[in-house]
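Written below as structure tokens is the structure these notes are about.
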Amino acid sequence: MKKLLALLGLGLISLSLHVHAHPHAWIDVQSNVVLSDAGQVQAIEQAWLFDDLYSATILDGIAEDYADTEQALQQYATDVIHNLEPYGYFIRLIVDDQRVALGPITQFTIDKRGSQLLLSFSAPLAKPADPRQSAVSFSVYDPTYYIHMTHPAESPPTLSPHSKLACRAYITQPTPSTEDFTRAFALDKSDTVD
């Protein structure tokens, strides 16, 4: 019996560690790199499809608290965009191995796709980048690990307008090391990876 209780206790400790480390929302991301007529990267467009449970929680809360659901949903989107600003909108843009700032987001929408919320926005570069002169890359992730974000394999990033440049968009899957996992599990809820 003592052995069973010890194993049960160990299992609960293990479970509590996993509960602490798991994300609380899941987002499928679609990215589009917007090129100017001169071929410079001028913005990164994002479409975030929130998971069913998170969407239902937000929609139920809005339905309970507000008479005008559409207006409340737009206010929710405004709040989300405002709250993402200190985190660079979860977009890490790198030009020639240097992090590049994004400008403020002024164009965004939120809609329902079936039972899920879809937040779309355009994140302008503070200064356009020329992919013919510089290596340009970006990643999309929540630095607090609260939200799991992924580009589904069937929805790789796109370029628009379709460019005559020798550019291509592709996904590089992360390959975290053991040290990366150890560091991530050691983060406090107020820590970020940057």
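The values are calculated or read from the model by the stated rules, or taken from the named source; none is laboratory data. In this text the structure is predicted, and so the values were computed from the model without any measurement. As a convention, Cβ positions derive from the backbone with ideal geometry for all residues, glycine included, and neighbour counts pool all protein chains shown. Heads up: the accessible areas ignore ligands, DNA and RNA and are worked out on the full protein's heavy atoms, side chains in. Shrake-Rupley method; radii C 1.70, N 1.55, O 1.52, S 1.80 Å.
Data for the structure
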item	result
So ALA47, is it crowded, with 18+ Cβ neighbours inside 10 Å, at pLDDT 50 or above and touching a Pro at 6+ places or on another chain (Cβ under 9 Å)	no
From TYR89, TYR76, TYR54, residue being open to solvent by less than 30 Å² (accessible area, probe 1.4 Å) and either on the phi > 0 side of the Ramachandran plot or part of a helix (DSSP H, G or I) (or both)	TYR89
Complete set of residues in region 123-170 that are hydrophobic (A, V, I, L, M, F, W, C) and open to solvent by less than 60 Å² (accessible area, probe 1.4 Å)	ALA123, LEU125, ALA129, VAL136, PHE138, VAL140, ILE147, MET149, LEU159, LEU165, CYS167, ALA169
Residue satisfying condition, being open to solvent by less than 30 Å² (accessible area, probe 1.4 Å) and assigned to a strand (DSSP E or B), within set ILE94, ILE81, ILE110	ILE110
